[in-house]
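Values in this text are rule-based calculations from the coordinates and carry no lab data. All figures in this text were calculated on a predicted structure; none of them were measured in a lab. Glycine gets a Cβ as well: all are built from the backbone with ideal geometry, and neighbour counts include every protein chain shown.
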Amino acid sequence: MIVPRTSRAEILAKLAAKRAANKPIWIASAGSGLVARLLENAGVDCVNTFSGARLRANGMGTMAMLWPILDSNRQTLDYTAEDIMPALAGDAFVCACLNANDPLKDMVRVIEECRSMGVLSVSNIGPSISYVDKDSQIYRVLNQSGVTFAHEIEFLRVAKEMGMVTIGLAFDEEDSVRLVGEAQPDVFCFHAGTTKGGRVGYDSGETIEETARRTEAANEKLRALSSEVLLVAPGAAMETPEDAQFILDHTTCDGFWTGSSTERLPIEQAVSETAARFAALGFSGRGEA
């Protein structure tokens, strides 16, 4: 088959049109072709791929990608090319979330590989050093060994120069301001934290009101840096469509980014409920005299 292609100009025009029409931009993660196709049919603007989503499809939590059990970039590139791209009709564009700190790869070549398969957008979340607490010893050791947030910023800057749509991500205000100011991404996501709920979700105890407040505090600083950047919100207490609506109503976000909320959680619920109904079946009338 021939995978549909797009361009930076076409993607940005669609996103600008949604903003002009006052419609929220929707980015969603997919760890399988089936989920990607269902999301596209539902109207998602961007399907993002990364090793965390692929691991979620295997029943693990997103944070499993931080453990040294795989080449996260190779996994993302392979399943994006084989599972995701052939499943889409071209209504949604694909963003590959990559590890800019990969010591074994020239990230320019990785970007070129993305372009060759029809992926015209990249992000720095696959994984990002932002997942690691800054006051931890492991964060200091990683920086000392050359795994830095600066490499992620440079990756996004180079990707944009190469004609890619860039989607930046960070977990706190300091990194958010730095990334938007230095990399000037087309889209930015202030990541409020791992999505709660389901079998492997992490509940920090934060309310949706607190998630909205933290997100908007970051938004205010980012809007001062760039009026053009599109801001989306994911994670933490944003678990349901009602939660996402609360974020839209109480922040200046241009849209939202769903991961587990439209992937892991619905699958867990639907399969568990349907399987339980099958498990309850029995033989009617057999064994009766």
Equivalent ellipsoid semi-axes, the chain, via Cα gyration tensor eigenvalues times 5, rooted, Å: 32, 22, 21
Paramagnetic label zone (point 7 Å from Cα along Cα-to-C-beta, ARG157; backbone N under 15 Å) in the range 224-253: none
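So if we plug the beta-carbon distance of ASN22 and GLN245 into 1/(1 + (r/R0)^6) with R0 = 22 Å, what FRET efficiency do we get, rounded to 0.05?
Here the calculated transfer efficiency is 0.95.
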Helical segments meeting 30 Å axial Cα length and Kyte-Doolittle 0.5 threshold in the chain (DSSP H): none
Order by protection proxy (mean Cβ within 10 Å, highest first), peptides 131-137, 253-259, 241-247, 119-125: 119-125, 253-259, 241-247, 131-137
Three-way shape label, the range 84-236, alpha-carbon gyration tensor, a/c 1.5: rounded
Protection proxy ranking, peptides 220-229, 167-176, 106-115, average beta carbon neighbours within 10 Å, highest first: 167-176, 106-115, 220-229
Residue-averaged 222 nm ellipticity for the chain, from DSSP H runs of 4+ at -39500 (n - 2.57), nearest 500: -13000 deg cm²/dmol
Candidate lysines for bridging to LYS160, where Cα separation is under 24 Å - those fewer than 8 sequence places away on the same chain excluded: LYS14, LYS18, LYS105, LYS221
Difference of contour (0.36 nm per residue) and Cα-Cα distance, ASP78 to ALA279: 68.8 nm
Point-to-point label distance, LEU34-LEU12, nm (Cα→Cβ direction, 7 Å offset): 3.8 nm
